[in-house]
1. Test B:Gly58 against the criterion of being at positive phi and within 14 Å of chain A (Cβ to nearest Cβ), and give yes or no.
2. On the given criteria, is B:Gly63 within 14 Å of chain A (Cβ to nearest Cβ) and either in contact with a strand residue (DSSP E or B) (Cβ under 8 Å, 6 or more places away or on another chain) or without any contact (Cβ under 8 Å) to a residue 60 or more places away in the chain (or both)?
3. Which condition number does A:Ile72 fail, the rest of (1) away from every other protein chain (no Cβ under 14 Å); (2) in a loop (DSSP other than H, G, I, E, B); (3) hydrophobic (A, V, I, L, M, F, W, C) being met?
4. Let me spell it out: the conditions are (1) crowded, with 16+ Cβ neighbours inside 10 Å; (2) farther than 20 Å from B:Gln85 by Cβ; (3) more than 13 Å from chain A (Cβ to nearest Cβ), and B:Asp28 meets all of them except one. Which number is the exception?
5. Could you check how many residues of the range B:75-107 are part of a strand (DSSP E or B) and more than 7 Å from chain A (Cβ to nearest Cβ)?
6. Give me a count of the residues in the range A:18-30 that are part of a loop (DSSP other than H, G, I, E, B) and crowded, with 16+ Cβ neighbours inside 10 Å.
7. Taking the range B:39-52 as the search range and keeping residues that are closer than 16 Å to A:Ser40 by Cα and either assigned to a loop (DSSP other than H, G, I, E, B) or more than 9 Å from chain A (Cβ to nearest Cβ) (or both), which one is farthest from the chain's Cα centre (by Cα)?
8. Within the range B:6-24, which residues are surrounded by 13 or more Cβ atoms within 10 Å (Cβ to Cβ), touching an Asp or Glu at 6+ places or on another chain (Cβ under 8 Å) and closer than 23 Å to B:Asp59 by Cα?
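Read-outs throughout are calculated quantities, based only on the coordinates presented, and are distinct from any laboratory measurement. These figures come from a predicted structure and were not determined experimentally. Counting neighbours? That spans all protein chains shown, and the Cβs are built from the backbone with ideal geometry, glycine included.
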Amino acid sequence: QKEVEQDPGPLSVPEGAIVSLNCTYSNSAFQYFMWYRQYSRKGPELLMYTYSSGNKEDGRFTAQVDKSSKYISLFIRDSQPSDSATYLCAMSNYGQNFVFGPGTRLSVLP
Amino acid sequence: DVKVTQSSRYLVKRTGEKVFLECVQDMDHENMFWYRQDPGLGLRLIYFSYDVKMKEKGDIPEGYSVSREKKERFSLILESASTNQTSMYLCASSPGTSGLEQFFGPGTRLTVL
């Protein structure tokens, strides 16, 4: 079993849809959970990060962590064509171990 | 804005060649990282550095070495390039000791023939 699993997609949705992106992980020591966005031919950029369980909202983006289920999600409301990218989850136990998921490719169709 | 630059966007080398990939960051970050990105495998950490002249192995260090002589520069070296090292190489930097928020360069697409 991989340490972090993520549905590779591609996921295609119409503009305005709510998007749900998910990751599962196996290492219960992870405390920090991050979502990165990577546009084609660019490096990843950090969207948001959360500590431990709970929700965090930033504009149209909401990150959710359920440590009991070892499951994290990123929700995108009112999705836009500019959201088309690959989304990578990442997790860490504060510098000891930092692991990325393989990424989900998202296409938002106008 | 934090800027991380990589020396080349595309590189083609022959098997057995020594390859240098350079990365420079302009925000005085302590931490620097080298990853490779392959389809279906995501980002895999090769080496990282928390300080000048300091280096730590990541998950896949075999066949690679690194050098950090100055705080802003982190070099990845392929001592003898092989075809299985064909990949996208990404450099990143981050402030502080946690490495949580990493700033990435645009990547170098390396092809080894």
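1. Working: at positive phi: no; within 14 Å of chain A (Cβ to nearest Cβ): yes.
No, not satisfied.
2. Details: within 14 Å of chain A (Cβ to nearest Cβ): no; either in contact with a strand residue (DSSP E or B) (Cβ under 8 Å, 6 or more places away or on another chain) or without any contact (Cβ under 8 Å) to a residue 60 or more places away in the chain (or both): yes.
The answer is no for B:Gly63.
3. Tallying (1) away from every other protein chain (no Cβ under 14 Å); (2) in a loop (DSSP other than H, G, I, E, B); (3) hydrophobic (A, V, I, L, M, F, W, C), A:Ile72 fails exactly one: (2).
4. Against the list (1) crowded, with 16+ Cβ neighbours inside 10 Å; (2) farther than 20 Å from B:Gln85 by Cβ; (3) more than 13 Å from chain A (Cβ to nearest Cβ), B:Asp28 comes up short only on (1).
5. Start the filter on the range B:75-107 by keeping residues that are part of a strand (DSSP E or B), which leaves B:75-78, B:87-94, B:103-104.
Those still in the list that are more than 7 Å from chain A (Cβ to nearest Cβ) too: B:75-78, B:87-89, B:91-94, B:103.
Residues in the range B:75-107 being part of a strand (DSSP E or B) and more than 7 Å from chain A (Cβ to nearest Cβ): 12 in total.
6. Step one: of the range A:18-30, the residues part of a loop (DSSP other than H, G, I, E, B) are A:18, A:26-30.
So of that shortlist, the ones also crowded, with 16+ Cβ neighbours inside 10 Å come out as A:30.
Total meeting the criteria: 1.
7. Step one: list which residues in the range B:39-52 are closer than 16 Å to A:Ser40 by Cα, which gives B:39-40, B:42-43.
Restricting the remaining residues to those that are either assigned to a loop (DSSP other than H, G, I, E, B) or more than 9 Å from chain A (Cβ to nearest Cβ) (or both) gives B:39-40.
On the way: B:Pro39: 17, B:Gly40: 19 Å.
Looking at the filtered set, the residue picked out is B:Gly40.
8. Correct list: B:Gln6, B:Val24.
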